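Q: Right, I'll just put the structure down here and ask away after.
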Protein chains: 2
Amino acid sequence: MSIQTNPHAVASAARHSKPLALRSVTVTDAFWHAEQELVRTAVIPFQWNALNDNVPGAAPSYCMHNFKAAAAQNARRNGNDDRKAYPPEFSYRGFAVLPKDGEAPDPDKFYGFVFQDTDFSKWIEAVGYSLTQHPDAELEATADKAIDIVCAAQLDNGYLDTYYILNGMDRAFHNLRWHHELYCLGHLIEGAIAYYEGTGKDKLLKAACRFADYTAEYFGPKADQCKGYPGHEIAEMALARLADLTGEKKYLDLARFFIDERGTEPNYFLAEDKRDKDTGYTDANWDFDPSYAQAHKPVREQKEAVGHAVRAGYLYSGMAAVAKLSDDDSLVEACETLWRNIVDKKLYVTGGIGGTNNGEAFSYDYDLPNDAAYSESCAAISLAFFARRMLEIAPKAEYADVMEQALYNTTLAGMALDGKSFFYVNPLEVNPYANHRDKRLGHVKTVRQKWFGCACCPPNIARIVESVQEYAYTVGNDGSTLYTHLYMGGVAKAVLGGAAVELTTNANLPWQGDGKVVVKLGEATTFTLAFRLPGWAGSVDAAAGAISASGEADGRVVRSVRDGYVYFAGQWHDGDEVVFNFPMPVRMMKANPMVREDAGRVAFVRGPITFCAEERDNGANLHLLHADVAAILADPDSVKVVPFEFHAGAAGIDADGQGEVDDVERDMVRLEVPAWREPVPAGTDAESPAFAPLYAEYRPVRREPVTATLIPYFAWANRGENEMTVFLHD
Amino acid sequence: MSIQTNPHAVASAARHSKPLALRSVTVTDAFWHAEQELVRTAVIPFQWNALNDNVPGAAPSYCMHNFKAAAAQNARRNGNDDRKAYPPEFSYRGFAVLPKDGEAPDPDKFYGFVFQDTDFSKWIEAVGYSLTQHPDAELEATADKAIDIVCAAQLDNGYLDTYYILNGMDRAFHNLRWHHELYCLGHLIEGAIAYYEGTGKDKLLKAACRFADYTAEYFGPKADQCKGYPGHEIAEMALARLADLTGEKKYLDLARFFIDERGTEPNYFLAEDKRDKDTGYTDANWDFDPSYAQAHKPVREQKEAVGHAVRAGYLYSGMAAVAKLSDDDSLVEACETLWRNIVDKKLYVTGGIGGTNNGEAFSYDYDLPNDAAYSESCAAISLAFFARRMLEIAPKAEYADVMEQALYNTTLAGMALDGKSFFYVNPLEVNPYANHRDKRLGHVKTVRQKWFGCACCPPNIARIVESVQEYAYTVGNDGSTLYTHLYMGGVAKAVLGGAAVELTTNANLPWQGDGKVVVKLGEATTFTLAFRLPGWAGSVDAAAGAISASGEADGRVVRSVRDGYVYFAGQWHDGDEVVFNFPMPVRMMKANPMVREDAGRVAFVRGPITFCAEERDNGANLHLLHADVAAILADPDSVKVVPFEFHAGAAGIDADGQGEVDDVERDMVRLEVPAWREPVPAGTDAESPAFAPLYAEYRPVRREPVTATLIPYFAWANRGENEMTVFLHD
């Protein structure tokens, strides 16, 4: 390990910081408050119905069914680890097990995916976050009852995964590459902590600790301990969080064990795969690919982000969390290397990651297809997780820029503006005609779907939206620096330099770059307020020139700039203000020429928002709509920024009956961009009698001048099924 | 049926024509003679070894093994139809059956694909054609011995498909949608006719007739006859050819029955699919898609070319053949409709068809991906089949233009210049880096392969190349018109107006548009010589002005022009000449704007040849190479046409050891095109320490002027693995 080998690696405990506790921040921001209310009023109740199989027309989750079945079994058997043979009919790859057609579910049987328990954990996590902002006795009572059921399903030894409890414990922790017990553990911990922090109630947290204790006994470096690690990561980041909360070193040790062991030789997953074939447990005729689960080499030797993108994002988040808590420079360096690979070569301009549906995975460097994108909502969320943890290691504006990009664009695009339907896959270009005919695009939906059998994305969106204020602020390890990463209207309380400080922020993000922060405190106190200089505001100098602190004038507060943050250090008085007005120009972006899919194309970005063109505003055949780049270069002001009220409400739904959106209205900004259209030749329509040759000698294209209307990407597909594109031809 | 509804339909027996018999045409053409010699000296011997499992390193075919096993069984059982239970282990979808790893093949068992018999039939067809041009006693003796084995495998009742003969006849003709008995019948007929025409020997032809007789008893309109039709078409065109040769109406009736029955309700394939599920013969959990086999509706109601492209091309060829022989206007109209759809919306500029690997099929209108193309060699061949048969119905230059395009480009691209390796899939754009990493491109090979387990393409190329002169000439039904469709050096003999006429053609196609035809005959005779005016020569007037007959000067011969053909009618004398010098400009082509994949791109075509850029000549990152369209429009002569000697020979082979090509030389023409390059930014290389952002604000691209070197598409991938593109960015 050497810092010199990587100029980007900056690991220093002195620069570490930690998010403000959720309950210390109140969100009043027009933009995020609306999103949080949507989740609170629409998504959380829907989720509860979904995990209780009470959504008409949606595939049952069986999540609470399974917990109840396990609880009932425990009641009969006193919660003991009842080792029984694993029934052979269960899929070793963990596909969903469902009741036979027409048969009612057996109350004693497990149904659904192996990770179905996490439906509850993700819900309780969102509930916990929601209750910090918005106490709700009825919701809390419902949650408490659910927690009672979940806890009753736990075995006496602490094990808690209903798939194995109900199907026989013989093979528990024996199929780590495909089954998801450690993933369930991770989500249980995240949910339990959120609920504890939201309500102060620790019943679920204790259960989670007991499952973590059991796991910490089972896995580890000792000779008699298992040397495996999660097939789907998340336990790493969850255990680090649990260690941070409880001060229990063993949880951090377990997280570190999972990270350090991953991808070492002999490869655990390959050995497991071989054993399962040798014993006939699986008749798969192909070998497990360890890179799918980032287990192809030790994490510190991984230079490229590969495999399933959500797994990867969760692993990298866990690595960053453990690196910070254990001050591990080599792990920081590994995180920096993977970060650079993602941000420099594998990131969509919408903040999405995962270019291929093959394995829902990262594709190779610079392969970022627009129409065939995977860009799973959960993957963008995992990138925000990773970015936040990198920020906690060292505050650098790039981390916050990417985090903001992932949050405002792909994460929010995953949910309709009425909070009732969701995208799993977030393409950057959709042509419904093609999508309905091309099996290669089978993974891409043209409109949001009501719910998924494998419902990872909706609850993931719910939990990140409900906790978004955790992404806005961190407090430095020095106890005297408060970092503002995202400009979000609201009130943040912190103890700085030993004094209770309250910052009230007014901001107009993402539509305007201006705002004000008012400091409230008792006696004058010395501390530092650090503010991110957003990458979208232009140069660091330009951004730094657009923010000032009232204490600067009389020299009480001194500014310095480092890594894209401005630090105002000195003595603060009650009523001091920090005022900012960051430039928010429209930026016409071009991808690196090595991105073949974006050759000859441009995308429009303003502030944190990436824009897109929809057919609804621009007519059909968006591939014939060209940005007039020459006109825009000659006069950047020719692109108009127009505040408007966006009206959602699906004009039509697709053939599967999906895509319905309630009539809701949201204030937004649209762009009106100088553009031209190549005319559609007569005769291309199947019904037209005119003849249009398939190939003709090149003639300069007739350019029909038009104005392209671009709306925020997160708002696409809220007005019925239609064409959409982020990149326009130039 | 009404001609008025389709202005393109021109069905008139008076305009029908028929190819000159193969032995009536001698090919001396520098271009095609070389191709035929390649097939004769390299491919046919290799094929023989392949179907006898004598190619080291290649997967065994088991073709002759199966015939021998069936013959041996017949010898024991007197060739009788031995109804025995069909073994359950055989794939209902007809996948290859192979000996278990490490075990020697059982001499009494069937191995390979259900259509493995056709390896022989395609070989004997190429052999038959080859022997007409190049008698070879040793080859003929080998073929005769093989024919003895094949005929010995035939059952007494005429049935001849070793898959069922060896596996039990209980289910013969019971899985028409997936198994290939009728496909085997079709290929057997084609091979038998070719061998009969090449040698005069009729043993195989009699066997083929007996199988056809058996089939004509089994299928048909009578109550006790089966109402099925081929899952993979070809029998239709083969039976029509057999009817034409033998004068036996029942073969034409059977072909017509297959065509008329296809896609009618109740759908035969769906009924078969349901029966097989109901009886447990298959546990497939998906339904057969009749459109895959063009059986989704009656053929006269089909308006769009859909499904497996080779199946489709063979069906349409069969429809055209039957339409001509039975003067069926409604069937001609159906052919015209499907032709228009292909040519106007589904044809690659390389003459290839089939845009998607899903089902090796036609994609939707205007979906012609370059890198993910399927464009199977066999599909281009099937398009040439279809075009030739449309020409026989009515001579129209468009049919010949497309036929020529398919022959000179994708068909020949399927074979290396040394005749030893083959493409199945013919992409229009290859980037080996991407191809090796992107599973979505898994069907695309970057270099030609030695042989395929499913070896349809190499023998298909062999049979069409060896019979290419059949595509050059037809004689009108009036007995007094000889059509020249392709300008090919050689001698053609025909009887015109009752007189024996010999045309000697000298031509320099595809590199120059000039040439001369000398007429040899006894007494002066009245007849018509018709010549195609190639679409690539510009307007019909321009092309017509570039060809003249010596009899025109004194009024003995009078010209007229119709449908892109010039007709010289009148009295011909021995020694008369027709001289032509068609313009052959370089044409910079643009696809119809509805082809999204080709937006902002141009392709270069000259005469019948489509060109492409290879990395070998132009450096890596071909997507950054732009044609300087403004310069080319301003001065078309800025594109240089350069005759040169192309040196094949692989500089390197790919990771699988494929792609080796012998050092062979061929005279060709290359294009040198004004172009510019967008520079590759520093830092995009994984090893480079420089930083290149993934997205940056748009700046006008720095254009590095270069000359792009384009070679004929058929010659690509003969100099090692490298990038290639047909379309350049503009």
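The values are calculated or read from the model by the stated rules, or taken from the named source; none is laboratory data. Just so you know, these numbers come straight off a predicted model, no measurement behind them. All Cβ positions, even for glycine, are placed from backbone atoms using ideal geometry, and neighbour counts span all protein chains on display. The protein model used for the area step is the full one, side chains on, heavy atoms only, and it has no ligands, DNA or RNA in it. Shrake-Rupley method; radii C 1.70, N 1.55, O 1.52, S 1.80 Å.
Q: Within segment B:615-631, is even one residue within 11 Å of chain A (Cβ to nearest Cβ), open to solvent by less than 10 Å² (accessible area, probe 1.4 Å) and part of a loop (DSSP other than H, G, I, E, B)?
A: No, the conditions are met nowhere in segment B:615-631.
Q: Let me ask you something else. Within segment B:249-282, restricting attention to residues that are of a type in the set (Asp, Glu) and over 14 Å from B:Thr215 (Cα atoms), which residue is surrounded by the most Cβ atoms within 10 Å (Cβ to Cβ)?
A: For segment B:249-282, the residue satisfying everything is B:Asp273.
Q: Test A:Tyr348 against the stated conditions and say whether it is within 14 Å of chain B (Cβ to nearest Cβ), among the aromatic types (Phe, Trp, Tyr) and open to solvent by 20 Å² or more (accessible area, probe 1.4 Å).
A: No: the conditions fail for A:Tyr348.
Q: Being at pLDDT 95 or above, closer than 30 Å to B:Leu694 by Cβ and in a loop (DSSP other than H, G, I, E, B) is the filter here, so list the residues in segment A:517-538 that pass it.
A: If the condition is that a residue be at pLDDT 95 or above, closer than 30 Å to B:Leu694 by Cβ and in a loop (DSSP other than H, G, I, E, B), then A:Leu533, A:Pro534 are the ones that fit.
To keep it simple, each residue is scored yes or no on (1) closer than 22 Å to A:Val669 by Cβ; (2) more than 14 Å from chain B (Cβ to nearest Cβ); (3) open to solvent by 10 Å² or more (accessible area, probe 1.4 Å).
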residue: A:Pro395; (1), (2), (3): no, yes, no
residue: A:Tyr399; (1), (2), (3): no, yes, no
residue: A:Leu407; (1), (2), (3): yes, yes, no
residue: A:Ala413; (1), (2), (3): yes, yes, no
residue: A:Gly419; (1), (2), (3): yes, yes, no
residue: A:Asn435; (1), (2), (3): no, no, yes
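Q: Please go through segment A:207-241 and give me each residue that is surrounded by fewer than 21 Cβ atoms within 10 Å (Cβ to Cβ) and in a loop (DSSP other than H, G, I, E, B), ordered by number.
A: Scanning segment A:207-241 gives A:Gly220, A:Pro221, A:Lys222, A:Ala223, A:Asp224, A:Gln225, A:Lys227.
Q: For segment A:502-513, enumerate the residues that are in a strand (DSSP E or B) and open to solvent by 10 Å² or more (accessible area, probe 1.4 Å).
A: Within segment A:502-513, A:Glu502, A:Thr504, A:Asn506, A:Ala507 qualify.
Q: Could you look through segment B:447-474, keep only residues that are farther than 17 Å from B:Asn49 by Cβ and in contact with a Pro (Cβ under 8 Å, 6 or more places away or on another chain), and pick out the one that is surrounded by the most Cβ atoms within 10 Å (Cβ to Cβ)?
A: Among residues in segment B:447-474 that are farther than 17 Å from B:Asn49 by Cβ and in contact with a Pro (Cβ under 8 Å, 6 or more places away or on another chain), the one surrounded by the most Cβ atoms within 10 Å (Cβ to Cβ) is B:Tyr473.
Q: May I pose another question? All but one of (1) surrounded by fewer than 24 Cβ atoms within 10 Å (Cβ to Cβ); (2) of a type in the set (S, T, N, Q); (3) away from chain A (no Cβ under 14 Å) hold for B:Ser375; which doesn't?
A: Condition not satisfied by B:Ser375: (1).
Q: Identify all residues within segment A:593-604 that are within 9 Å of another protein chain (Cβ to nearest Cβ), farther than 16 Å from A:Asn426 by Cβ and hydrophobic (A, V, I, L, M, F, W, C); write none if there are none.
A: Once the filter is applied, which keeps residues that are within 9 Å of another protein chain (Cβ to nearest Cβ), farther than 16 Å from A:Asn426 by Cβ and hydrophobic (A, V, I, L, M, F, W, C), segment A:593-604 yields A:Met594, A:Val595, A:Ala599, A:Val602.
Q: Which of (1) under 30 Å from A:Asn722 (Cα atoms); (2) over 27 Å from the mean Cα position of the chain (by Cα); (3) within 14 Å of chain B (Cβ to nearest Cβ) is the odd one out, the single condition A:Val642 does not satisfy?
A: (3)
Q: Continuing with this model, one more query. Among (1) modelled with pLDDT of 95 or more; (2) more than 9 Å from every other protein chain (Cβ to nearest Cβ), where does B:Gly649 come up short?
A: Looking at each condition in turn, B:Gly649 falls short on (1).
Q: Say we look at segment A:291-313 and pick out the residues that are surrounded by fewer than 20 Cβ atoms within 10 Å (Cβ to Cβ) and assigned to a helix (DSSP H, G or I); which of these is nearest to the chain's Cα centre (by Cα)?
A: A:Ser291
Q: Return yes or no: is A:Tyr316 open to solvent by less than 10 Å² (accessible area, probe 1.4 Å) and either farther than 24 Å from A:Asp367 by Cα or more than 14 Å from chain B (Cβ to nearest Cβ) (or both)?
A: Answer is yes for this residue.
Q: Being within 14 Å of another protein chain (Cβ to nearest Cβ) and touching a residue at least 12 places away in the same chain (Cβ under 8 Å) is true for just one of A:Val468, A:Val444. Which residue is that?
A: A:Val444
Q: Still on this structure, I have one more. Take the residues of segment B:351-367 that are open to solvent by less than 10 Å² (accessible area, probe 1.4 Å) and part of a loop (DSSP other than H, G, I, E, B): which is nearest to the other protein chains (Cβ to nearest Cβ)?
A: Selected residue: B:Gly355.
Q: Let me ask something additional. Here are some conditions: (1) open to solvent by 10 Å² or more (accessible area, probe 1.4 Å); (2) in a helix (DSSP H, G or I). B:Lys493 meets all but one. Which one does it not meet?
A: B:Lys493 satisfies every listed condition except (2).
Q: Scan segment B:185-197 residue by residue and report those that are closer than 15 Å to B:Ile147 by Cα, of a type outside the set (A, V, I, L, M) and open to solvent by less than 10 Å² (accessible area, probe 1.4 Å).
A: Those that are closer than 15 Å to B:Ile147 by Cα, of a type outside the set (A, V, I, L, M) and open to solvent by less than 10 Å² (accessible area, probe 1.4 Å): B:His187, B:Glu190, B:Gly191, B:Tyr195.
Q: Name the single residue that is nearest to the chain's Cα centre (by Cα) among those in segment A:701-723 being part of a helix (DSSP H, G or I) and surrounded by 23 or more Cβ atoms within 10 Å (Cβ to Cβ).
A: Going through the qualifying residues, I end up with A:Phe714.
Q: Any idea which of B:Pro679, B:Pro674 is within 14 Å of another protein chain (Cβ to nearest Cβ), assigned to a strand (DSSP E or B), touching a residue at least 40 places away in the same chain (Cβ under 8 Å) and surrounded by 12 or more Cβ atoms within 10 Å (Cβ to Cβ)?
A: B:Pro674
Q: Please indicate, with yes or no, whether at least one residue in segment B:320-336 is of a type in the set (Asp, Glu), part of a helix (DSSP H, G or I), open to solvent by less than 10 Å² (accessible area, probe 1.4 Å) and in contact (Cβ under 8 Å) with a residue 40 or more places away in the chain.
A: Checked segment B:320-336: at least one residue is of a type in the set (Asp, Glu), part of a helix (DSSP H, G or I), open to solvent by less than 10 Å² (accessible area, probe 1.4 Å) and in contact (Cβ under 8 Å) with a residue 40 or more places away in the chain.
Q: State all residues of segment A:19-37 that are outside any strand (DSSP E or B) and touching a helix residue (DSSP H, G or I) at 6+ places or on another chain (Cβ under 8 Å); if no residue qualifies, say none.
A: A:Leu20, A:Ala21, A:Leu22, A:Arg23, A:Trp32, A:Glu35, A:Gln36
Q: Is segment A:637-645 home to any residue that is at pLDDT 95 or above, among the acidic types (Asp, Glu) and not in a loop (DSSP other than H, G, I, E, B)?
A: Yes, the conditions are met somewhere in segment A:637-645.
Q: Tell me which residues, restricted to segment B:550-572, are in a strand (DSSP E or B), out of contact with any Lys or Arg (no Cβ under 7 Å at 6 or more places or on another chain) and open to solvent by 10 Å² or more (accessible area, probe 1.4 Å).
A: Across segment B:550-572, the qualifying residues are B:Val558, B:Arg559, B:Ser560, B:Val561, B:Arg562, B:Ala569.
Q: Could you tell me which numbered condition B:Phe120 fails, if it satisfies all but one of (1) open to solvent by 10 Å² or more (accessible area, probe 1.4 Å); (2) over 30 Å from B:Leu270 (Cα atoms)?
A: (1)
Q: Within segment A:507-516, can one find any residue that is over 26 Å from B:Leu694 (Cα atoms) and out of contact with any strand residue (DSSP E or B) (no Cβ under 7 Å at 6 or more places or on another chain)?
A: no
Q: Hey, another quick one. Does B:Phe386 fit the bill of being crowded, with 24+ Cβ neighbours inside 10 Å, within 13 Å of chain A (Cβ to nearest Cβ) and closer than 30 Å to B:Asp253 by Cβ?
A: Taking the combined requirement at face value, the residue does not satisfy it.
Q: Counting just the residues of segment B:573-592 that are in a strand (DSSP E or B) and open to solvent by 50 Å² or more (accessible area, probe 1.4 Å), which one comes out farthest from the other protein chains (Cβ to nearest Cβ)?
A: B:Glu577
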